[in-house]
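The values are calculated or read from the model by the stated rules, or taken from the named source; none is laboratory data. Predicted model only: the values in this text are computed from it and were never measured. Virtual Cβ from ideal backbone geometry, glycine too; neighbours counted across all protein chains shown.
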Amino acid sequence: MSTETPIRYQQLGDLTASQIEAIRAIPSHDEAACEAIRATRPVAMFLDDDVFQREQSQVFRRLPVAITPSAMVPDTGSLLPHDAYGVPLIVSRDQHGKVHVFINACMHKGSTLVTGCEAQKGARITCPYHAWSWRLDGSLAGVARGETFDCLDKQKRNLVELPSKEAGGIVWAILDRDAEADFSLIDDAIVADLDALQLGQQHLYGHKQFDLDSNWKQVIEPFLEGYHVQRLHANSVGPLFADVPTVVTRIGDHIRQVSGKVEFAPGGLENEKNIHKTITHAYLLFPNTVIITSPYYMSVMIVVPVAAGKTRVMYHMLTLNKPDNPKSEALYKTSYETVLGVFGNEDFVAAEYCYKGLRTGALDEIDVVYSGLEHCILMQYETLEKHMN
């Protein structure tokens, strides 16, 4: 007999003191005010190949980047091939539960070891070419016809491992094998927030890859402002949200936005059975990962620059509860279809339209301009420029 997972919700008291303080700071909608700002950014930051290359060398190849949610490799023996950043990788969880990130290359002749893009299970990583095999901690386990090699130093044939860390329900890595394992970017404060949201305990409901004709920064912009919500999403989720500023907190190089939905009222939050019905958290984990809470699921998007005008988005929908009964399966199925439609057909399309428009040169002389409802975008760009300079 199957046992249904008890439905779990998060309440105000489950959150960190910092998260609760931010929620308490949300004004009632009729008291919310937004200041005008004077801010522009040059078109070149979205179009120029030189800018893209500097971002790659100074940020994406030097700092920790999110590879995948932990939910993609939930069990010992999990293997995930991953090449979104242009570096073929394997994410594994060994028999002790530790996560590793390896270069996806056989140490015999360089063949790809794990193919495809879906998570797999296995006790060994075995090359399909000559059947060399490795344990999930990267150590060489076996060489077919090993007696025929006269100069094989097995100690030098372990898989190449990148510096990595699992924290806050995310697997992070530095895409330089020789880099110092400096993960200070992922400090205790941001991990505490993610742990309070139980990101590391959630289940993967579904995931989808989007390949977009847009600069990666344009893809992230709508998730750093509420200005577009009642306009771009007027016929979808727009009516659920108020047209007011969010409460913004900078946590190291990361950004947290907290906002009250249209029915939000400051009083009585302690009695809310599900705090995410009233409050939305939106995080930008520097440099390129977006996390958004919803009443029954969380969205994790890793936005990967491929070229100045090419971006790959890896979207994941995570749930606190397993879809182990018809009611929850129907709820999650509808939620998944809705969120893919909103992001895929609205936010991502808008980013592509913006990139297409900037390429015409129409804004070359006047730059891109930002409003007071978009000031979080400028916070992200200040951090990006800090690391690039």
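Please verify whether segment 215-233 includes one or more residues that are in contact with a Gly (Cβ under 8 Å, 6 or more places away or on another chain) and modelled with pLDDT of 95 or more.
Yes: segment 215-233 contains one or more residues that are in contact with a Gly (Cβ under 8 Å, 6 or more places away or on another chain) and modelled with pLDDT of 95 or more.
Somewhere in segment 313-329, is a residue over 26 Å from Gly200 (Cβ atoms) and touching an Asp or Glu at 6+ places or on another chain (Cβ under 6 Å)?
Within segment 313-329, none of the residues are over 26 Å from Gly200 (Cβ atoms) and touching an Asp or Glu at 6+ places or on another chain (Cβ under 6 Å).
For segment 133-142, which positions are out of contact with any strand residue (DSSP E or B) (no Cβ under 7 Å at 6 or more places or on another chain) and touching a residue at least 24 places away in the same chain (Cβ under 8 Å)?
Result: no residue meets the conditions.
Would you check which residues across segment 347-378 are more than 26 Å from the chain's Cα centre (by Cα) and either surrounded by fewer than 15 Cβ atoms within 10 Å (Cβ to Cβ) or of a type in the set (Lys, Arg) (or both) and list them?
Gly357, Arg359, Thr360, Gly361, Ala362, Asp364, Glu365, Ile366, Asp367, Val369
When you look at Ala66, is it in a helix (DSSP H, G or I), touching a strand residue (DSSP E or B) at 6+ places or on another chain (Cβ under 6 Å), hydrophobic (A, V, I, L, M, F, W, C) and surrounded by 20 or more Cβ atoms within 10 Å (Cβ to Cβ), yes or no?
No.
For segment 16-60, enumerate the residues that are hydrophobic (A, V, I, L, M, F, W, C), surrounded by 17 or more Cβ atoms within 10 Å (Cβ to Cβ) and either outside the structural domain of Gly372 (by TED's automatic domain parsing) or in contact with a strand residue (DSSP E or B) (Cβ under 9 Å, 6 or more places away or on another chain) (or both).
Matches in segment 16-60: Ala22, Ile23, Ile26, Val43, Met45, Phe46, Phe52, Val59, Phe60.
I'd like to verify a number: residues in segment 1-57 that are among the aliphatic types (A, V, I, L, M), modelled with pLDDT under 90 and in contact with a helix residue (DSSP H, G or I) (Cβ under 8 Å, 6 or more places away or on another chain), how many?
The qualifying residues number 1.
Every residue, every condition in (1) assigned to a helix (DSSP H, G or I); (2) touching a Cys at 6+ places or on another chain (Cβ under 9 Å); (3) within 29 Å of Asp187 (Cβ to Cβ); (4) in the same structural domain as Ile302 (by TED's automatic domain parsing), yes or no:
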| position | (1), (2), (3), (4) |
| --- | --- |
| Gln230 | yes, no, no, yes |
| Ser236 | no, no, no, yes |
| Pro239 | yes, no, no, yes |
| Pro245 | no, yes, yes, yes |
| Thr249 | no, no, yes, yes |
| Gln257 | no, yes, yes, yes |
| Ala265 | no, no, no, yes |
| Lys273 | no, no, no, yes |
| His276 | yes, no, yes, yes |
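Here is a yes/no grid of residues against (1) assigned by TED's automatic domain parsing to the domain that holds Phe46; (2) out of contact with any helix residue (DSSP H, G or I) (no Cβ under 6 Å at 6 or more places or on another chain); (3) within 27 Å of Pro287 (Cβ to Cβ):
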residue	(1), (2), (3)
Glu329	yes, yes, no
Thr334	yes, yes, no
Glu337	yes, yes, no
Asn345	yes, yes, yes
Ala351	yes, no, yes
Leu358	yes, no, yes
Leu363	yes, yes, yes
Leu373	yes, yes, yes
Ile377	yes, no, yes
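Just the residues that are buried (at least 19 other Cβ atoms within 10 Å of the Cβ), farther than 24 Å from Asp193 by Cα and of a type in the set (D, E, K, R), please, taken from segment 218-267.
Selection gives nothing.
From the set of residues in segment 178-232 that are more than 14 Å from the chain's Cα centre (by Cα) and among the aromatic types (Phe, Trp, Tyr), which is nearest to Tyr355 (Cα to Cα)?
Result: Tyr227.
If you go through segment 73-96 one residue at a time, do you hit one that is over 27 Å from Met317 (Cα atoms) and either touching a His at 6+ places or on another chain (Cβ under 7 Å) or modelled with pLDDT of 95 or more (or both)?
no
Evaluate segment 170-178: report whether one residue or more is at pLDDT 95 or above and at positive phi.
There is no residue in segment 170-178 that is at pLDDT 95 or above and at positive phi.
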